[in-house]
């Protein structure tokens with residue numbers, strides 16, 4: 001029996017939660033975890049996105065991660081809002097606010113036309129605020145990618161970070177752990193070195209590089225390709241323009257996580273504040289030392 005016919009929840013079904021009953025509408029997406037459905041709550045006209053997780057332990061893990069960040073303001077910090085979580089007929093249901101399309105969806109819809117920096121700037125500012133909030137409670141998202149950053153709606157540039165199923169406290173991050181999908185995997189993860197929440201800044205740097213190019217900045221089907229591409233990105237990609245965006249990107253894609261820009265520093269970077277255009281003194285952060293030689297030796 002295939003997954004389509006065996007999935008326990010269908011359009012038109014009702015999900016009985018702790019705070020109401022939800023009618024399942026169209027399915028918005030699916031993955032290894034299960035499916036996400038657009039649902040309406042009986043008694044009101046509001047829509048919700050319900051993540052229906054067949055693997056109960058995976059659903060519990062995501063809920064536990066969201067419990068860790070529940071004290072963070074989801075509006076101020078650009079994090080998806082969870083309304084409730086409940087078990088219904090052997091599936092975990094996580095009720096989220098309904099959002100628009102992901103960065104990846106929009107890139108696909110626009111035929112992968114490079115994103116103009118004036119449109120990337122507000123996205124960057126909001127994501128740095130999200131990472132700053134997570135860092136303040138020592139949490140790493142560990143799955144930042146184009147699919148997991150979503151626009152609130154089609155009209156605004158407001159975005160939110162979603163999918164905390166792999167989020168973890170930094171003190172629990174073990175050296176050698178296989179985290180992050182390969183295209184967004186930080187060098188320290190690939191090389192089995194100590195890691196912390198700065199892996200998220202690396203992944204976000206790859207997101208921004210992809211958006212401004214309209215494609216991944218280098219082949220990244222395997223860890224080997226990722227490291228080889230990492231060396232090339234410093235040799236070629238950053239030589240095209242020495243503007244504030246490239247300076248920021250260099251700091252986000254610093255090989256040494258100890259020298260990688262932090263979210264609070266990124267929020268004060270000239271690309272975000274644009275203070276250099278207003279005549280104010282530009283922010284001067286120590287320039288990182290790029291260490292590609294050691295990486296080349298490994299590969």
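The values are calculated or read from the model by the stated rules, or taken from the named source; none is laboratory data. Just so we're clear, the structure is a prediction, and the values are computed from it rather than from any experiment. Positions of Cβ are generated from backbone atoms using ideal geometry, with glycine treated the same way; all protein chains shown enter the neighbour counts.
Data table
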item: All positions within the stretch 15-35 that are surrounded by 13 or more Cβ atoms within 10 Å (Cβ to Cβ) and either in contact (Cβ under 8 Å) with a residue 60 or more places away in the chain or more than 28 Å from the chain's Cα centre (by Cα) (or both); result: 15, 17, 20, 21, 22, 23, 33
item: Given (1) in the same structural domain as residue 212 (by TED's automatic domain parsing); (2) over 19 Å from the mean Cα position of the chain (by Cα); (3) part of a loop (DSSP other than H, G, I, E, B), index of the condition residue 118 fails; result: (3)
item: Subset of the stretch 70-86 that is touching a residue at least 60 places away in the same chain (Cβ under 8 Å) and touching a helix residue (DSSP H, G or I) at 6+ places or on another chain (Cβ under 7 Å) - its residue that is surrounded by the fewest Cβ atoms within 10 Å (Cβ to Cβ); result: 72
item: Scan of the stretch 40-96 for residues that are out of contact with any strand residue (DSSP E or B) (no Cβ under 7 Å at 6 or more places or on another chain) and assigned to a strand (DSSP E or B), ordered by number; result: 87
item: Count - residues of the stretch 1-39 that are at pLDDT 85 or above and in a strand (DSSP E or B); result: 17
item: Of all residues making up the stretch 174-197, the number that are outside any loop (DSSP other than H, G, I, E, B), in contact (Cβ under 8 Å) with a residue 40 or more places away in the chain and under 17 Å from the mean Cα position of the chain (by Cα); result: 3
item: Qualifying positions in the stretch 107-147 - farther than 25 Å from residue 247 by Cβ and surrounded by 19 or more Cβ atoms within 10 Å (Cβ to Cβ); result: 139, 142, 143
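Conditions tested, residue by residue: (1) farther than 22 Å from residue 266 by Cα; (2) at pLDDT 90 or above; (3) within 13 Å of the chain's Cα centre (by Cα); (4) buried (at least 20 other Cβ atoms within 10 Å of the Cβ).
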| residue | (1), (2), (3), (4) |
| --- | --- |
| 149 | no, yes, yes, yes |
| 165 | yes, no, yes, yes |
| 232 | yes, no, no, no |
| 241 | no, no, no, no |
